[in-house]
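In what follows, a single structure is set out as structure tokens and then discussed.
The values are calculated or read from the model by the stated rules, or taken from the named source; none is laboratory data. Quick caveat, the model's predicted, so the values are computed rather than measured. All Cβ positions, even for glycine, are placed from backbone atoms using ideal geometry, and neighbour counts span all protein chains on display.
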Amino acid sequence: MENLAPAGSMEALKRGVAAGADAVYLGYAAFSARAGAGNFDEEELREAVRYCHLHHVRVHVTVNTLVKDGEMSAVEDVLKLLNDLRVDGVLVQDMGVADLLRTRFPDLPAHASTQMALHNASGVRFVRERGFTRAVLARECDLAAIRRAADEGIEIEVFGHGAQCVAVSGECLFSSMLGERSGNRGRCAQPCRLPYTYRGKTAAWLSPRDVCMRNDLPALAQAGAVSVKLEGRLKRPEYVAVVANSYRQAIDCMSAGRFMKADAQEMQSLRQIFNRGDFMRGYAMGTEDAAVLYPQRVNHLGITLGKIARVERGFARFTPLLELHDGDGLQLRGAQDQDMIYSGKNVPAGQEATLRLRPGMQVKPGDLVCRLTDAEQMAEAASLPEPTIDVRMHLTAWPNQPLTLTVTDGTTTVTVTGETAQPARSRALTAEDAARCLEKTGDTCFRVTETRTDTAGAFAAVSALNALRREGLAAFAEARIAAFTRKEGRVLPDRAWTIPERPQPVTAVCRTAEQTAAIPASVRVLLQPENYEAEALRETLAALPRKVWLCLPTVCTEETLDMLAKLAAEQAEHVEGLVLGSVGQLGHDWPLPVAAGPGIPVMNRRAMAVLLEAGCQFVTASPELSGRETAALVRGNAPALIWAWGRVRLMLLHHCPARVYLGLQSGHASCRMCDEHAPDALAGQTLIDRRGKAFPLLRQRLPEGCRVELINSLPTDLRTQAAECAAPLYVFTMETGEEAAALLAGAPAEASTTTGHWTRPVV
């Protein structure tokens with residue numbers, strides 16, 4: 001199993017390599033889903049690739065944002081650079097970028113980013129057929145889904161440790177719609193970490209714990225995962241070192257057939273370096289609802305050292321449960337959090353420690369003392385030695401012949417020649433003399449483990465031997481890099497692609513039979529029911545007064561996809577076509593025509609062409625585009641729907657806030673609170689932010705359990721603007737049938753609305 005470490009900077013990259021990473025993933029200066037990370041410019045990237053390849057560590061580069069038409073040329077330049085540098089993989093999300101990558105640079109390994117929302121084998125099959133060599137599965141996949149995905153025959157990568165998006169697959173418009181910082185473009189402002197009020201209680205209801213699957217690696221490996229990804233491109237280098245080292249040890253033990261779970265000390269080390277509300281094991285291991293979220297705090301929890309026993313004359317005293325170190329970063333938690341650095345002698349566990357308080361610090365007995373940074377842990381992580389490369393050297397020194405040096409690591413071997421050796425006049429070169437020169441590798445990463453010298457009465461100056469050693473190691477480094485680096489990748493001409501003129505009718509998404517019945521016959525209806533269970537869906541379709549397109553859930557199991565395909569075939573008299581909820585569903589065999597819904601946002605015309613070529617009858621333009629960008633995207637009667645009315649879905653939740661509120665950690669699939677109209681049910685509930693804006697929560701019932709939609713507090717009203725561009729898309733959620741009909745007829749909105757990004761494009 002590959003130990004895949006994050007690298008937000010060169011220092012973090014080197015810490016990861018030192019800690020035992022098999023591969024690192026990093027972002028170039030543009031088009032990276034972590035724009036806030038340090039990322040790498042061209043010079044740094046060249047250095048990073050050389051450094052990693054010298055140590056036989058792979059480099060994966062993220063080009064995994066959604067891309068606008070005006071940026072495609074710049075993306076191509078980035079891909080050309082990565083192809084020239086011969087990186088080991090490129091992560092992409094955008095279908096247009098993926099097509100450009102496979103067309104122009106077919107030898108550049110393509111990895112499907114987790115934001116492509118691959119939740120099942122169908123999705124993996126789809127990207128495999130388009131030349132992808134690896135799929136990064138959505139974090140929400142269970143072991144069964146991982147196993148079926150792995151059977152598709154490409155590499156499967158899973159997230160194993162660190163922060164996770166609460167939105168399914170990280171597909172989120174919350175940050176974007178509340179400002180201009182798009183998560184799909186790498187600039188998420190993390191509104192999920194803010195407090196919200198649910199049923200009168202204020203907490204961080206959208207803030208998930210960090211995941212830790214250190215002890216579950218055998219289960220992931222047995223399911224078919226070949227790479228475990230460690231999150232943390234925004235974390236400090238010491239974090240990368242600690243986490244990568246822990247997973248290195250685990251993977252090595254597993255490979256040796258003697259896997260052991262982390263002991264208390266190792267888990268404490270992982271918690272100390274960073275944790276949010278302790279850890280969760282991940283969806284792969286069946287974690288549900290309250291076990292996913294930690295609403296009490298959104299930042300580093302640290303390690304609890306003890307409680308303040310007494311406070312007197314500017315000093316606080318407590319007895320630490322663990323050793324307290326000079327330089328530890330502490331946080332005193334009482335009425336408010338107060339940070340300080342402990343300065344003084346180390347205090348063993350169980351002995352009273354004294355903290356010197358700054359003027360103004362308000363501390364009382366009973367306040368918690370938590371350690372956010374462990375000075376000794378940080379020093380140890382920062383001082384990990386650079387990994388060494390063991391080499392053997394063989395020197396040949398014969399009188400009147402050039403000095404010859406062979407350097408090898410057992411796999412890569414180079415031979416260089418130097419000055420001509422002279423016959424010894426007084427003292428001949430000995431093996432000991434040669435070894436003293438050859439073993440002086442200085443500040444390089446090489447360690448000479450063995451030297452051999454063949455000579456007979458020859459003399460060689462120390463300077464000549466030193467020069468030969470330097471030349472030999474330099475040549476060996478280049479040869480070792482070349483041996484690990486893939487062959488030069490082809491650059492092919494771009495392919496021709498076109499977008500057909502296919503005018504679309506006005507289209508409405510409806511959730512209820514009442515809404516559907518109120519829609520004029522000239523308007524195409526896309527049905528997005530609340531309940532996708534087979535019998536409920538049959539009843540819903542039978543009660544409709546007209547034929548509709550059925551919107552598929554954004555994420556679901558392969559079994560649910562199979563059921564929906566069968567049901568659609570049975571209900572062909574009611575169902576005209578299927579609106580796909582995610583890219584991954586393109587890989588399934590459907591009995592009816594398909595289209596790309598809002599779950600497959602399109603930002604550029606090339607992505608639109610790819611989806612149309614894949615069989616989609618129409619696509620949906622991203623609501624993150626401005627009016628000018630939208631008009632350019634849909635020009636020429638392109639078959640694209642333009643958001644005209646409705647509350648934009650900000651995120652799709654895998655957990656249920658109602659169950660989190662109740663503290664429930666199991667039974668998600670069998671929960672029937674909403675069906676039974678229980679007082680604690682989700683129906684009718686909202687999350688209210690600090691400004692009083694209420695964000696409604698809507699459930700989707702699936703055979704495997706519910707998913708929850710968090711929708712915008714205000715409807716987006718672009719009816720006039722959308723009609724001028726192309727086919728308008730109306731999305732009805734909470735509207736009655738009468739209200740839906742009135743809005744379609746042009747009636748003014750009765751409450752406040754937003755124009756979204758029409759005049760304020762995301763960067």
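Checked against the criterion of being under 24 Å from His654 (Cα atoms), more than 14 Å from the chain's Cα centre (by Cα) and outside the structural domain of Ala21 (by TED's automatic domain parsing), the candidates Ala204, Ala219, Ala225 yield just one match: Ala204. Please identify the pairs in which a residue from region 531-544 that is of a type in the set (Lys, Arg) has its Cβ atom under 8 Å from the Cβ atom of a residue that is not in a helix (DSSP H, G or I), counting only partners at least 6 apart or on another chain. Sorted first by the residue in region 531-544, then by its partner, the pairs are Arg538/Gln571.
Of all residues in region 278-310 being in contact with a Leu (Cβ under 6 Å, 6 or more places away or on another chain) and in a loop (DSSP other than H, G, I, E, B), which is farthest from His668 (Cα to Cα)? Filtering region 278-310 for residues that are in contact with a Leu (Cβ under 6 Å, 6 or more places away or on another chain) and in a loop (DSSP other than H, G, I, E, B), the one farthest from His668 (Cα to Cα) comes out as Gly302. Restricting attention to region 159-171 and to residues that are touching a helix residue (DSSP H, G or I) at 6+ places or on another chain (Cβ under 6 Å) and modelled with pLDDT of 90 or more, the residue that is farthest from Ile711 (Cα to Cα) turns out to be His161.
Residues are listed down the side, and each one gets a yes or a no for (1) in contact with a helix residue (DSSP H, G or I) (Cβ under 7 Å, 6 or more places away or on another chain); (2) surrounded by 14 or more Cβ atoms within 10 Å (Cβ to Cβ); (3) at pLDDT 95 or above:
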position	(1), (2), (3)
Glu724	no, no, no
Ala727	no, yes, no
Tyr730	yes, yes, yes
Ala742	no, yes, yes
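Considering only region 118-130, I want to know if a residue exists there that is more than 22 Å from Arg185 (Cβ to Cβ), assigned to a loop (DSSP other than H, G, I, E, B), free of Cβ contacts under 8 Å to residues at least 60 places away in the same chain and not polar (S, T, N, Q). The answer is yes; a qualifying residue exists.
Per the listing Ala241, Ala203, the residue uniquely touching a residue at least 60 places away in the same chain (Cβ under 8 Å) and either surrounded by 22 or more Cβ atoms within 10 Å (Cβ to Cβ) or touching a helix residue (DSSP H, G or I) at 6+ places or on another chain (Cβ under 6 Å) (or both) is Ala241. The set of residues in region 744-763 being surrounded by fewer than 19 Cβ atoms within 10 Å (Cβ to Cβ), part of a loop (DSSP other than H, G, I, E, B) and in contact with a strand residue (DSSP E or B) (Cβ under 8 Å, 6 or more places away or on another chain) consists of Ala749, Thr753, Thr755.
Restricting attention to region 60-71, and to residues there that are farther than 25 Å from Ala48 by Cα and touching a Leu at 6+ places or on another chain (Cβ under 8 Å), which single residue is surrounded by the fewest Cβ atoms within 10 Å (Cβ to Cβ)? Applying the filter and picking the extreme gives Asp69.
Going through (1) part of a loop (DSSP other than H, G, I, E, B); (2) closer than 26 Å to Ala621 by Cα; (3) not aromatic (Phe, Trp, Tyr) one by one, Pro696 falls short only on (1). If the condition is being free of Cβ contacts under 8 Å to residues at least 40 places away in the same chain and more than 29 Å from Val731 (Cβ to Cβ), then region 494-518 contributes only Ala496. Among residues of region 444-488 being out of contact with any His (no Cβ under 9 Å at 6 or more places or on another chain) and among the aromatic types (Phe, Trp, Tyr), the one that is surrounded by the most Cβ atoms within 10 Å (Cβ to Cβ) is Phe476. The requirement of being assigned to a helix (DSSP H, G or I), in the same structural domain as Gly8 (by TED's automatic domain parsing) and within 21 Å of Val763 (Cβ to Cβ) is fulfilled nowhere in region 137-152; no residue meets it.
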